[in-house]
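What follows is one structure encoded as structure tokens, with my remarks underneath.
The values are calculated or read from the model by the stated rules, or taken from the named source; none is laboratory data. No experiment lies behind these values; they were computed from the predicted model shown. Every residue, glycine among them, receives a Cβ derived from its backbone with ideal geometry; neighbour counts consider all protein chains shown. Just so you know, the surface numbers come from the protein's heavy atoms only, side chains and all, with ligands and any DNA or RNA stripped out. Shrake-Rupley method; radii C 1.70, N 1.55, O 1.52, S 1.80 Å.
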Amino acid sequence: MQSVTRRFIPDRNTWELLGNFTARNLKLKYQASVLGFLWSLITPLMQMLIYTVVFSVIIRVKVDWPFAVFLLTAQLPWIFFSSSLMMGASSIIEHGNLIKKVSFNRSLLPIATVCSNLINFGITLVVLAGFLACYKIPVSSHIILLIPALVILALFTLGLTFITAALAVFFRDIFHILEVILLVWFWSVPVVYPIHPDHLSLLNGLPEKWEWFRSVYRLNPMVDMLEMFRYTFLYHEWPPPTMILSLFLVALLTAVAGFWIFRKVSPNFAREI
Amino acid sequence: MKYIVECENIGMQFKRYREKNRMLRWTILNQLRKRQPNETFWALKNVGFTVRPGETFGIVGENGSGKSTMLKLITGIMKPDTGTIKVLGRVSALLELGAGFHPDLTGTENIYLNGSIMGLTRSEIRSKFSEIVRFSELHDFIDTPIKHYSSGMYMRLGFSIAINVDPDILVIDEVLAVGDQGFQSKCLDRIRDFKRLGKTIIFVSHDLGVTSQLCSRAVWLDGGEVAARGSTQRVVDHYRKRVQETVEVRLEEEHRTVEADVENRWGNREVEITRVEFLDDDNHSTHAFKTGSMMQVKIHWAAKNRVEKPVFGVGIHRNDGVHVNGPNTKFTGSIPSYIEGHGAVVYRIEQLNLLPGTYYFSAAIYDYDITVPFDHHEQLYAFMVIPGDCEEEYGTFYMPSQWSYEGSYGPIIE
């Protein structure tokens, strides 16, 4: 693997190194704290509690499901997405010493960040299952949508994580920019409010001359990527196949583009860090 | 396979940041102003050399000459801006020991993580694990988080992993300069083992002694360019000459500032030491002497009045404080009955049998009872001893000697 001509197809060592980086990320995250991996549950649950109080008790957003469950179905994937991007941005620069002294496949660092976040996400999904059971929301055959939903979101996240990881090496203020972008992004996707056509939402009651807004809104791929999870757990109906297909294409394209950009600039990491 | 490493026309450019300013703002502003943000310089220019399989190849050069950059190109950490570099086989680099270590992980965890960063599979690491632990002598601490390790332990673990990666090419960058003597020689032994196994080694060091001992061929980088290349002897000789010249200039300067030194000079100045000269056997002034060569020290003096039976004394200290000798004219019974005006006394060492290093010379003039100092210069004059014909390297002295055998023994091999 050390040779200058690096192979494109991952060999055994590459897979193991990815596994090691991922395991290390998880280990370091939980080992140092007393409550360990419980923290990865406490933060989203606290957020859920606050949003539930604010949006269902105070502002009274109407949804057809218990608000907590409605919220979690989109909030958990969002947390996976946003924390991957944030942690991914530091994945290269926090390994500056390693980058400068050892030659290895650099792309494994952001990939490992996404992998460890994905594992976290998996754990939180178990909690979601608990909530679904508590509120007696049945699990239907639509649960198989979880697979495309996860694949699409993971690919999309990976692609953007590659980009934030690479950019952070050259521009350290990427973290501030990213924070702002994620804040805006969070409120422009349906996490705390519904957009499903059958339910009351801002998008449904639009006056005619504002119709274009709906199409523009839908251009944001995260909208439907998060909706995929609600199709999986809540809507109990099948999304249009074109939606799945186009989401998949967008995600794949993002992943390929991200990887391409990352590989393009990674030879300069050692020099710039 | 003729060459295992082949570099051709390598060029590497770096930006010299005035300040490490990576704010997006600056990039945009500079783009708008159509201006180069920072000046650039070539860390390497037109560098080319080849390394044959099984060879131990040296890279010598001063700090900032591009050696480390060159190693980073060979290991694939960076890519050159111009030229091509071909490396066949697995490279393991001792650039910085334990670069990938994480302080919160235990020794074992770090061995697995670091090993896999270096390109080993899990089963390969497992089979080498006990050897790594044994070599590092860290058996009792292997399950302790390494943040509790001393820097020596940290290094030992790093070296053990790197050396056990079983690479085709081992790249070593001056890491041996650190660590205690014991571990250092253990590392050197290991490198020699490696050599014996016919592996290729690329060795970067300031230490010319070790370089010429280990390497068959070498390249000398100076300011990012190849200053000499070929057999180690040739390269090292060239390099040594240059180093000697620069050292010479430095010592010369130090030498001249003696006047101002009050801390290391005392005496009533009835006789003053006006100048101390180091001369080789041809009476040429120099500050570097080969082991075994002749060294002459000419101590110039000026006396205000006639002084009866003055005693001249000299002394040599190694730069680590070891007192090497301290003869005076009273011991040898060569005291003049008086001196007057000016003159000089020459202290001649027929064979300077000191081993290479930096030494300090003291000169003094006392009265006959050696109680009243006229002028005493304590360790004010530095000189260097450089390797001569003798092959010894441990200790302080070269003592001409022979080995002979008794009893039954085979023919002597070289």
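What the table below lists for this structure:
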| read-out | value |
| --- | --- |
| Positive-pole candidate from B:THR69, B:PHE331, B:TYR368, dipole of chain B, charges at beta carbon | B:THR69 |
| Cut-off under 5 Å, modelled amide H: who pairs with B:ARG52 long-range | B:ILE4 |
| Cα gyration tensor shape of chain B, rounded if a/c is under 1.5, else prolate or oblate by comparing a/b with b/c | prolate |
| Efficiency of FRET from Cβ geometry, B:ASP207 and B:ARG234, R₀ 22 Å, rounded to 0.05 | 0.80 |
| Among B:THR84, B:HIS238, B:THR144 - extreme Cα towards positive end, dipole of the protein assembly as shown, charges at beta-carbon | B:THR84 |
| DSSP-defined beta bridges in the protein assembly as shown - what % are antiparallel, rounded to 5 | 75 |
| A:ASN268 versus B:ASN325: modelled label distance in nm, points set 7 Å from Cα along the beta carbon direction | 6.2 |
| Summed buried accessible area for A+B [probe radius 1.4 Å, Å², rounded to 100] | 3300 |
| Cut-off under 5 Å, modelled amide H: who pairs with B:ALA227 long-range | B:TRP220, B:LEU221, B:ASP222 |
| Expected-Rg normalisation [2.2 N^0.38 Å, Cα atoms] applied to chain A | 1.07 |
| For the stretch A:75-83, Karplus couplings with θ = phi - 60° (6.51, -1.76, 1.60), whole Hz, Gly/Pro x | 5, 4, x, 4, 4, 4, 4, 6, 6 |
| Accessible area per residue, Å², the stretch A:18-272 with all protein chains present, probe 1.4 Å | 45 |
| Efficiency of FRET from Cβ geometry, A:ARG12 and A:LYS62, R₀ 41 Å, rounded to 0.05 | 0.15 |
| Dipole of the protein assembly as shown, positive end: most advanced residue of A:PHE269, A:ILE181, B:LEU354 [Cβ charges, Cα centre] | A:ILE181 |
| In the stretch B:281-383, the chymotrypsin sites (Phe, Trp or Tyr not before Pro) that fall in loop regions by DSSP, at most 14 other Cβ within 10 Å | B:PHE331, B:TYR368 |
| Minimum 10 Å² accessible area buried by the other protein chains, the stretch A:245-273 residues, probe 1.4 Å, relative to alone | A:PRO267, A:ALA270, A:ARG271, A:GLU272, A:ILE273 |
| Charge dipole magnitude, Cβ of K and R +1, D and E -1 - the stretch B:264-386, Cα centre, debye nearest 20 | 60 |
| Reachable lysines from A:LYS29, criterion Cα separation under 17 angstrom, eight or more residues apart if same chain | B:LYS147 |
| Karplus-derived HN-Hα couplings along the stretch A:173-188 (A = 6.51, B = -1.76, C = 1.60, θ = phi - 60°), whole Hz, x at Gly and Pro | 7, 4, 5, 5, 4, 4, 4, 5, 4, 5, 5, 4, 4, 4, 7, 9 |
| Residues of type aspartates and glutamates that B:LYS2 reaches as a straight line, Cα spacing below 15 Å, ignoring anything fewer than 8 places off in the same chain | B:GLU55, B:ASP168 |
| Distance-filtered residues of the stretch B:358-398 - backbone nitrogen under 18 Å, label point 7 angstrom along B:ARG348 Cα→Cβ | none |
| Cα gyration tensor shape of the stretch A:1-156, rounded if a/c is under 1.5, else prolate or oblate by comparing a/b with b/c | prolate |
| Phi to ³J(HN,Hα) by Karplus 6.51 cos²θ - 1.76 cosθ + 1.60 over the stretch B:263-279, Hz, x for Gly, Pro | 5, 9, 9, 8, x, 8, 6, 5, 10, 10, 7, 8, 6, 10, 10, 9, 10 |
| Positions from the stretch B:109-146 whose accessible area shrinks by 20 Å² or more when the full protein complex is built, not the chain alone, probe 1.4 Å | B:GLU109, B:LEU113, B:SER116, B:ILE117, B:MET118, B:GLY119, B:THR121, B:ARG122 |
| A:ILE137-A:ARG172 pseudo-label distance in nm [points 7 Å out on the Cα-to-Cβ vector] | 4.4 |
| Partner lysines for A:LYS264 [C-alpha distance under 27 Å; skip if fewer than 8 residues away on the same chain] | A:LYS100, A:LYS101, B:LYS15, B:LYS20, B:LYS34, B:LYS45, B:LYS67, B:LYS72, B:LYS79, B:LYS86 |
| Amide hydrogen neighbours beyond the local backbone of B:LYS290, cut-off 5 Å, H modeled | B:ILE386 |
| Förster radius 51 Å - calculated FRET efficiency between B:SER123 and B:THR332, Cβ distance, rounded to 0.05 | 0.10 |
| Value of relative contact order over chain B, rounded to a whole percent, pairs C-alpha under 8 Å and six or more apart | 14 |
| The protein assembly as shown shape via C-alpha gyration tensor axes, a/c threshold 1.5 | prolate |
| Approximate spin-label separation B:LYS304-A:LEU38, in nm, with each point projected 7 Å along Cα-to-Cβ | 8.7 |
| DSSP-defined beta bridges in the stretch B:5-245 - what % are antiparallel, rounded to 5 | 55 |
| Chain B: antiparallel DSSP beta bridges as a percent of all, rounded to 5 | 75 |
| Kirkwood Rh, Cα atoms: Rg over Rh of the stretch B:264-386 | 0.97 |
